[in-house]
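The next block holds one structure in the form of structure tokens; read it before the comments.
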Amino acid sequence: MITQEEINALRHKVIAPQKMLIDGQWVDASDGGTVDVVSPIDGKKLTTLAAATVEDVDRAVLAARKVFERGDWSRMAPQGRMKIMHKIADLIADNAKEMAVLGARDNGTEIGMAIKAEPGSAAGTFRFYAEAIDKVYGEIAPTADNQLALIHREPVGVVGAIVPWNFPMMIGAWKIAPALAAGNSVVLKPSEAASLNLLRLAEICQEAGLPDGVLNVITGSGSMAGEAMGLHHDIDIIGFTGSGGVGRRLMDYAARSNMKRLYLELGGKSPNIIFADAADLDHAAKVSAAGIFRNSGEVCVAGSRILVERTIHDAFVEKLRAETAKYKVGDPLDLGNNIGAITTAQQLEGDLAFVERAQKEGGTLVTGGKQLNAGQGYYMEPTIFTDIKPNMDLFQNEVFGPVVSVTPFDTEEEAVALANGTDFGLAAGVWTSNLSRAHRMVRNIKSGVVHVNTYGGAGNNVPLAGMKQSGNGADKSLHAIEKYENLKTAWIQL
Ligand code: NAD
């Protein structure tokens, strides 16, 4: 927990112009270029980031490669690596309050959520993968008596991690920690809209004793620094979280360069399905509102399409509206608010454009739909639409903002068809007291996670893995380590 006094003591701290970390040195961009960091709390400039050039990306990749081949980290004894990763987790926990406030100033996440989901979660992730280092090992395959087949797990080399502006520490840790646990070097590129906490995390990694060059952080625009990583011939893997549009570009970059391995964690349009036999519709409405409106809907797994059995449609919409009215939107650093700011002016504009299109297409606006506190930061009312049909924009496309659509269904089969009726497959929710139906729905919905009688539960030991155009691979769990390893067979004649 953090108190209002603690927040107030940290919220106006001056933030120096930021440098990047390359080969253990904090450096400016090679051409001196910078990008402004604007706080969504008030729309004012907080500081600047270094705008990495292609040459800076090259230097970072070279540093990562050199240290990998030298073995400072890749060949360090497992216990040594574990100790450093545990130390990183300890230092994140020690600095959690300062990092949560810094992150909220940078991307607008409400402080109560920021403290748990950012430093809290990142520390847990580093601990989880630290512990895995000496517990995940190779295999011996059954062979004829005069043969021995050993299956080694080896680090791949240089991992590029490109991450978005929502939950940058949490998602950054989901990439960095398993990649490091496997013995790789990393070049991290945070979003230009939320880099501050990941730069702070890099400082912590240095302080914990991570050898120089093992973690490098490149900042600046996606179109320059991100593209240079995508096209780089000496990055072996890119672990990416972000939009489908950029995911597609990365596939093209990989094809045009070294066919690097890509893991893409992309967007969602997740269905949250309410059957009339749900045990507690009041609870379902409360959790469903949280499932879309927390963090202003800037959550990849947000339950942005509520599908409701027609017999309870009107009653459920009323409950949802009542729950939504309880949210207080405003300054993310005021403990009295439970929804903070939209991260960028551009994102807010996009969210409002979705509202306009939904109205034009015949959707009914139940509540919300407007910008709040115009001219003083980027805030938006939580918004509910009914009468949203499968062919409409709001049903098909990710808003990544505080906008939910409600669509009725009559049968379980229709609910499944509607649930699966988009290009996405990230998350889903099902509310029912019928156990058989719950299992059938889990089986029939095409998404990486299906929540039953809840929405949004997660843990470090379970994977988050998209299906369809929500991506591939899995963040979190022991499976994530496999992404950053090569399997090598030693076939030995005895
Ligand atoms: P984005 O795709 O715009 O940016 C993500 C990252 O890619 C940023 O670091 C950006 O600088 C970089 N980038 C931009 N253009 C690039 C290019 N041409 N080449 C290489 N890199 C480039 O996404 P965003 O707006 O930061 O984040 C929101 C999106 O992320 C949403 O679609 C959301 O659903 C998705 N997301 C998915 C998950 C998941 O686990 N599946 C989690 C969080 C967010």
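Data table
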read-out: Test: I238 is within 9 Å of the ligand (Cβ to nearest atom) and either closer than 27 Å to Q18 by Cα or not in a loop (DSSP other than H, G, I, E, B) (or both); value: yes
read-out: S288 vs. criteria within 12 Å of the ligand (Cβ to nearest atom), among the hydroxyl-bearing types (S, T, Y) and surrounded by 24 or more Cβ atoms within 10 Å (Cβ to Cβ); value: no
read-out: Test for G247: is it within 17 Å of the chain's Cα centre (by Cα) and over 26 Å from A96 (Cβ atoms); value: yes
read-out: Conditions (1) outside any loop (DSSP other than H, G, I, E, B); (2) farther than 21 Å from V308 by Cβ: number failed by V355; value: (2)
read-out: Failed condition for S436, given (1) without any contact (Cβ under 8 Å) to a residue 12 or more places away in the chain; (2) closer than 24 Å to A161 by Cβ; value: (2)
read-out: Pairs with Cβ under 6 Å, 6+ apart, first in the stretch 220-246 and touching a residue at least 12 places away in the same chain (Cβ under 8 Å) and closer than 19 Å to I171 by Cα, second open to solvent by 20 Å² or more (accessible area, probe 1.4 Å) and charged (D, E, K, R); value: S221/E192; I237/R261
read-out: Residue within the stretch 70-81 that is open to solvent by 50 Å² or more (accessible area, probe 1.4 Å) and touching a Gly at 6+ places or on another chain (Cβ under 7 Å) present; value: no
read-out: Residues of the stretch 245-278 classified as in contact with a strand residue (DSSP E or B) (Cβ under 8 Å, 6 or more places away or on another chain) and either outside any loop (DSSP other than H, G, I, E, B) or more than 16 Å from the ligand (Cβ to nearest atom) (or both), total; value: 17
read-out: Residue satisfying all of: in the stretch 292-330; surrounded by 22 or more Cβ atoms within 10 Å (Cβ to Cβ) and part of a loop (DSSP other than H, G, I, E, B); nearest to the ligand (Cβ to nearest atom) among these; value: C300
read-out: Qualifying residue in the stretch 164-179 (condition: among the basic types (K, R), in the same structural domain as D94 (by TED's automatic domain parsing) and out of contact with any strand residue (DSSP E or B) (no Cβ under 6 Å at 6 or more places or on another chain)); value: no
read-out: Failed item in (1) surrounded by 16 or more Cβ atoms within 10 Å (Cβ to Cβ); (2) of a type in the set (D, E, K, R); (3) on the phi < 0 side of the Ramachandran plot, with D23 passing the rest; value: (3)
read-out: Extreme residue, farthest from Q347 (Cα to Cα), among residues of the stretch 97-148 that are surrounded by fewer than 19 Cβ atoms within 10 Å (Cβ to Cβ) and β-branched (V, I, T); value: T143
read-out: Residue check for A225: hydrophobic (A, V, I, L, M, F, W, C), in contact with an Asp or Glu (Cβ under 9 Å, 6 or more places away or on another chain), open to solvent by less than 10 Å² (accessible area, probe 1.4 Å) and assigned by TED's automatic domain parsing to the domain that holds L196; value: yes
read-out: Residue in the stretch 179-196 that is touching a Cys at 6+ places or on another chain (Cβ under 9 Å) and open to solvent by less than 10 Å² (accessible area, probe 1.4 Å) present; value: yes
read-out: The stretch 34-57, residues that are under 12 Å from M224 (Cα atoms) and of a type outside the set (A, V, I, L, M); value: T53, E55, D56
read-out: Residues that are in contact with a Gly (Cβ under 8 Å, 6 or more places away or on another chain), within 15 Å of M441 (Cβ to Cβ) and either open to solvent by 10 Å² or more (accessible area, probe 1.4 Å) or of a type in the set (A, V, I, L, M) (or both), drawn from the stretch 264-280; value: I273
read-out: Residues (in contact with a helix residue (DSSP H, G or I) (Cβ under 6 Å, 6 or more places away or on another chain) and not in a loop (DSSP other than H, G, I, E, B)) located in the stretch 12-32; value: L21, I22
read-out: Members of the stretch 34-61 that are open to solvent by 20 Å² or more (accessible area, probe 1.4 Å) and in a helix (DSSP H, G or I); value: V54, E55, D58, R59
read-out: Elements of type helices (runs of 4 or more DSSP H) contained in the stretch 62-165, each with 3 or more residues being within 16 Å of the ligand (Cβ to nearest atom); value: 96-107, 121-132
read-out: Candidates L188, L210, L180, L201 - the one that is hydrophobic (A, V, I, L, M, F, W, C) and either free of Cβ contacts under 8 Å to residues at least 40 places away in the same chain or near the ligand (Cβ under 9 Å from one of its atoms) (or both); value: L188
read-out: Considering residues of the stretch 226-235 that are assigned to a helix (DSSP H, G or I) and more than 7 Å from the ligand (Cβ to nearest atom) only, the residue nearest to N166 (Cα to Cα); value: A228
read-out: Residues being more than 14 Å from the ligand (Cβ to nearest atom) and either closer than 22 Å to E298 by Cβ or not assigned by TED's automatic domain parsing to the domain that holds V37 (or both) - total across the stretch 213-222; value: 0
read-out: Candidates G471, G459, G425 - the one that is within 16 Å of the ligand (Cβ to nearest atom) and either over 22 Å from the mean Cα position of the chain (by Cα) or on the phi > 0 side of the Ramachandran plot (or both); value: G471
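The values are calculated or read from the model by the stated rules, or taken from the named source; none is laboratory data. Since this is a predicted model, take the numbers as computed values, not measurements. Counting neighbours? That spans all protein chains shown, and the Cβs are built from the backbone with ideal geometry, glycine included. Only protein heavy atoms, including side chains, enter the accessible area calculation; ligands, DNA and RNA are left aside. Shrake-Rupley method; radii C 1.70, N 1.55, O 1.52, S 1.80 Å.
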